[in-house]
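Beneath this line is the structure, given in structure tokens, with notes to follow.
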Amino acid sequence: MSDLIDNNTMKYKLISLYQQNIPAIREGLPENMNKYREPAMREFDRLGIPEKGEEKYKYTDLMKAFGKGYGYTFKATNIAVDSKTLFQCSVPELDTHTLLLENGWFYQKNQEHAQLPKEIVACSIRDAAVNYAALFEKHYNQQAAEHPEGISTFNTAFAQDGMFLYIPDGFVLEKPIQIINLMRGSNPLLVNQRNLIVAGKNSQSKIIVCDHTLTQHHFLSNTVTEVFVDENAVFDFYNIQNQHNQSSQLTSLYIQQMKGSNTLTNTLTLHGGFVRNNIFVKLAEEHSEAHVYGLALIDGKQHVDNYTFIDHAVPNCQSTEMYKNVLDDEATGAFNGRILVRRDAQKTKAFQSNKNICLTPTARFYTKPQLEIYADDVKCSHGATIGQIDEEALFYLQSRGIGGREARMMLMYAFAYEVIRNIRVPVLTERYGELVEKRLRGELSRCEGCFVHCN
Amino acid sequence: MLSIKNLKASVDGKEILKGINLEVKVGEVHAIMGPNGSGKSTLAGVLAGNSRFDVTEGTVSFNDKDLLLLAPEDRAREGLFLSFQYPVEIPGVSMVNFMKTAVNEHRKYLGKEPMSAGDFLKMLRDKKQVVEIDDRLTSRSVNEGFSGGEKKKNEIFQMAMLEPKLSILDETDSGLDIDALRIVANGVNKLKTAENATIVITHYQRLLDYIVPDVVHILYQGQIVKTGGKELALELEAKGYDWIKDEVKV
């Protein structure tokens with residue numbers, strides 16, 4: 001694999017990689033997971049790796065992620081970490097149930113450490129396909145198949161492991177579940193991780209996903225997460241992306257919401273060479289509510305692209321969306337927020353806001369709100385801005401004796417805070433605040449912001 | 001304390017200040033009056049260091065330092081304070097954090113240790129009383145959603161916190177009802193000592209009923225055209241600005 005390779009050649013390389021490793025990919029997995037591979041591969045052949053300029057990839061060249069040359073492993077690597085220190089969280093008050101995945105593989109000793117209530121099912125998706133077959137079959141690859149995407153079909157064809165989480169009906173999880181995704185190895189690596197989360201009726205749960213890289217190789221993680229949120233459930237999904245600048249991260253998060261459910265997602269990108277996040281939320285039954293937030297603070301030559309699709313399929317649902325980006329140096333970013341209000345989805349309330357600050361003339365941001373409204377009794381709004389630090393506000397702070405650098409910091413933090421304050425875990429709000437402040441001050445090293453004490 | 005000599009400044013190439021000369025001594029209150037567009041706010045902005053204005057000629061010394069060479073934050077740390085005509089709203093920056101940072105940056109400049117949280121909060125409580133400012137306001141973001149009067153009170157509150165040597169009040173009376181005006185003026189008077197000085201910039205004489213100046217200057221077309229005692233303000237009030245315009249023409 002070389003840097004000059006094109007999308008099509010790369011696609012054939014991946015198809016051929018699949019064909020040569022079918023037995024290894026399928027090994028140990030039941031038919032309910034394996035049966036999706038062939039159709040997914042055919043879809044992947046049809047869709048390919050999206051090219052830059054395509055509708056959904058106008059400003060993002062996926063070959064910057066795919067074209068780097070990676071190895072692939074079809075077996076779990078041995079997690080050789082001192083689990084005692086690993087599971088010590090550096091946030092004193094952030095008390096969570098911690099689960100670890102390395103290179104997309106679920107750590108088998110998680111159960112010993114996580115101390116999850118016995119009602120909660122947390123296991124590898126491999127095990128879930130066997131042990132919780134009914135749940136698995138009902139939800140696996142249902143939402144992903146509804147939105148055929150090149151990168152998610154690629155994942156479906158290759159997926160061998162990931163996390164499965166089940167919060168039973170009526171269960172209220174007191175502490176958040178923290179999932180730590182580690183990427184490491186002695187060689188560059190491509191990983192397809194597949195997660196499935198089912199939040200039962202009236203359940204309440206909060207998930208914090210931390211993505212990290214431990215070694216300095218090129219990594220490409222292509223993660224698909226499907227979440228089914230049943231009636232009246234409350235579900236939060238916080239994703240802290242903090243990978244090094246040689247890493248590429250593609251995430252596809254699918255959320256289906258049933259009657260009266262309430263979800264919040266928050267994607268915080270602190271570091272990462274190349275990041276593309278897809279979020280698909282389907283408000284499938286009435287009175288459901290989705291809050292979709294994101295914040296990215298990037299510099300150097302980093303690239304972050306957030307794509308969201310909120311599907312108001314039925315009446316009386318509400319969505320609020322807020323994405324903010326601060327770009328320094330030659331960083332580039334994009335936001336594409338699609339909101340679909342279907343014909344009968346009356347009384348829909350949908351609000352979208354995307355605000356961006358380019359700190360330098362060389363930073364670039366592209367934003368595209370995309371509202372498709374087919375109902376006539378709705379309240380929808382969107383707003384997008386790209387600007388610089390407010391000079392008037394800067395002077396105001398300086399005129400009170402606050403130094404230029406510090407004043408800029410305060411204004412950037414204030415800008416970011418609008419996203420942070422929507423977090424529904426109080427301790428995490430503080431922690432986010434600290435991380436963002438450190439990141440803005442340029443004091444956040446790859447590992448320092450890490451929740452994991454690995455070295 | 002402040003010595004301005006032949007100060008000229010322009011905005012976007014247009015000359016606004018056309019040679020200002022002004023001396024302010026410790027303990028004095030100066031009023032600068034003038035019609036709209038005479039350059040009052042430009043003078044305030046230039047002194048505070050707003051980069052919108054280009055100084056093209058002249059010198060300003062403040063406590064024997066060349067003020068024009070200092071960054072805005074250093075002017076503030078040296079003891080210069082500007083009460084803004086239009087205070088800026090800064091969502092997301094809390095008043096408490098704003099003031100704590102400002103006070104500590106001043107202290108750092110003077111080689112002092114940062115203030116302890118306890119001392120700071122005590123100071124905050126004490127100073128709030130100067131302008132009868134509400135707890136509600138200090139717990140919010142800087143000026144966000146404040147009424148016109150609240151914003152002006154907040155300016156004087158910040159002045160109380162920072163204890164400047166020279167305060168420039170730029171149209172602090174504009175947009176204030178009579179009660180708010182009285183509170184703001186009282187605040188300014190309470191902060192007055194023999195060691196500091198004040199420049200009150202105003203269009204109307206009204207504020208000068210409350211803050212009594214030692215010297216009154218009339219600014220017109222970028223120059224100080226008349227200087228006198230407090231009675232000059234009354235004369236101006238009685239005769240109107242046309243009087244000055246006519247006099248200058250002659």
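Points to keep in mind about this one:
- Among the residues of region B:70-85, those that are under 12 Å from B:Val46 (Cβ atoms) and either among the aliphatic types (A, V, I, L, M) or not in a helix (DSSP H, G or I) (or both) comprise B:Leu80, B:Leu82.
- Applying the set (1) assigned to a helix (DSSP H, G or I); (2) out of contact with any strand residue (DSSP E or B) (no Cβ under 6 Å at 6 or more places or on another chain); (3) within 19 Å of A:Gln246 (Cβ to Cβ) to A:Asn8 leaves exactly one unmet item: (3).
- Considering residues of region A:4-45 that are farther than 21 Å from A:Gln193 by Cβ and in contact (Cβ under 8 Å) with a residue 60 or more places away in the chain only, the residue surrounded by the most Cβ atoms within 10 Å (Cβ to Cβ): A:Ile5
- Test: residue in region A:193-202 that is charged (D, E, K, R), under 19 Å from A:Thr265 (Cβ atoms) and touching a helix residue (DSSP H, G or I) at 6+ places or on another chain (Cβ under 6 Å): yes
- Residues of region A:209-251 classified as aromatic (Phe, Trp, Tyr) and more than 30 Å from A:Ser261 (Cβ to Cβ), total: 1
- Residues that are within 18 Å of the chain's Cα centre (by Cα) and within 19 Å of B:Asn36 (Cα to Cα) were ranked within region B:10-21; the one that is surrounded by the most Cβ atoms within 10 Å (Cβ to Cβ) is B:Leu17.
- The residues listed here are A:Ile420, A:Ile402, A:Ile386; of these, the one that is closer than 30 Å to B:Pro164 by Cα and either β-branched (Val, Ile, Thr) or modelled with pLDDT under 90 (or both) is A:Ile402.
- Residues within region A:128-142 that are crowded, with 24+ Cβ neighbours inside 10 Å and not in a loop (DSSP other than H, G, I, E, B), tallied: 1
- Filter result (closer than 15 Å to A:Thr98 by Cβ and of a type in the set (Gly, Ala, Ser)) within region A:167-207: A:Ser205
- Taking the criterion of being surrounded by fewer than 22 Cβ atoms within 10 Å (Cβ to Cβ) and hydroxyl-bearing (Ser, Thr, Tyr), the residues of region B:69-98 that qualify are B:Tyr86, B:Ser94.
- Boolean, A:Ser445 is exposed (fewer than 15 other Cβ atoms within 10 Å of the Cβ), at pLDDT 90 or above and away from chain B (no Cβ under 14 Å): no
Residues checked against (1) within 13 Å of chain A (Cβ to nearest Cβ); (2) assigned to a strand (DSSP E or B):
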residue: B:Ser3; (1), (2): no, yes
residue: B:Ala9; (1), (2): no, yes
residue: B:Ala31; (1), (2): no, yes
residue: B:Ala44; (1), (2): yes, no
residue: B:Val55; (1), (2): no, yes
residue: B:Leu68; (1), (2): no, no
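- Within region A:357-402, considering residues that are touching a Pro at 6+ places or on another chain (Cβ under 7 Å) and under 22 Å from A:Phe309 (Cβ atoms), the one nearest to the other protein chains (Cβ to nearest Cβ): A:Ala384
- Qualifying helices (runs of 4 or more DSSP H) (wholly inside region B:166-250; at least 1 residues being closer than 23 Å to B:Leu17 by Cβ): B:231-239, B:241-249
- Positions within region A:403-427 being in contact (Cβ under 8 Å) with a residue 40 or more places away in the chain, more than 21 Å from the chain's Cα centre (by Cα) and at the interface with chain B (Cβ under 7 Å from one of its Cβ atoms), in sequence order: A:Phe415
- Residue match in region A:335-349 (condition: closer than 26 Å to A:Pro50 by Cα, of a type outside the set (Lys, Arg), within 14 Å of chain B (Cβ to nearest Cβ) and not in a helix (DSSP H, G or I)): no
- So A:Gln257, is it of a type outside the set (D, E, K, R), crowded, with 24+ Cβ neighbours inside 10 Å and more than 25 Å from A:Arg126 (Cβ to Cβ): yes
- Restricting B:Ile199, B:Ile168 to those that are among the β-branched types (Val, Ile, Thr), under 14 Å from B:Gln85 (Cα atoms) and within 14 Å of another protein chain (Cβ to nearest Cβ) reduces the list to B:Ile168.
- Taking the numbered list (1) of a type in the set (Ser, Thr, Tyr); (2) within 27 Å of B:Arg52 (Cβ to Cβ); (3) modelled with pLDDT under 95 in turn, A:Tyr396 passes all entries but (3).
- Residue match in region A:214-222 (condition: over 16 Å from A:Lys68 (Cα atoms), part of a strand (DSSP E or B) and in contact with a strand residue (DSSP E or B) (Cβ under 9 Å, 6 or more places away or on another chain)): no
- Top-ranked residue of region B:101-111 - restricted to ones that are within 13 Å of chain A (Cβ to nearest Cβ) and free of Cβ contacts under 8 Å to residues at least 24 places away in the same chain, ranked as surrounded by the most Cβ atoms within 10 Å (Cβ to Cβ): B:Thr101
- Residue, nearest to the chain's Cα centre (by Cα), within region B:76-99, restricted to residues that are within 8 Å of another protein chain (Cβ to nearest Cβ) and β-branched (Val, Ile, Thr): B:Val88
- Restricting the first member to region B:201-227 and to residues that are polar (S, T, N, Q), and the second to residues that are part of a loop (DSSP other than H, G, I, E, B), the beta-carbon pairs closer than 6 Å and six or more apart or on different chains are B:Thr202/B:Asp173.
Residues checked against (1) surrounded by fewer than 24 Cβ atoms within 10 Å (Cβ to Cβ); (2) in contact (Cβ under 8 Å) with a residue 60 or more places away in the chain:
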site	(1), (2)
B:Asp134	yes, no
B:Thr138	yes, no
B:Ser141	yes, no
B:Gly145	yes, no
B:Glu150	yes, no
B:Ile156	no, yes
B:Leu162	yes, yes
B:Ile168	no, yes
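- Answer from A:Thr153, A:Thr85 - the residue that is at pLDDT 90 or above and either outside any loop (DSSP other than H, G, I, E, B) or on the phi > 0 side of the Ramachandran plot (or both): A:Thr153
- Filter result for the condition that a residue is surrounded by fewer than 22 Cβ atoms within 10 Å (Cβ to Cβ), within 12 Å of the chain's Cα centre (by Cα) and polar (S, T, N, Q), over A:Asn278, A:Asn242, A:Asn181: A:Asn278
- Reported count of residues in region B:122-143, each being outside any helix (DSSP H, G or I) and either among the basic types (Lys, Arg) or farther than 11 Å from B:Asn154 by Cα (or both), is 3.
The values are calculated or read from the model by the stated rules, or taken from the named source; none is laboratory data. A quick note: this is a predicted structure, and the numbers were derived from the prediction, not measured. Using ideal geometry, Cβ is built from the backbone for each residue, glycine included, and neighbour counts are taken over all protein chains shown.
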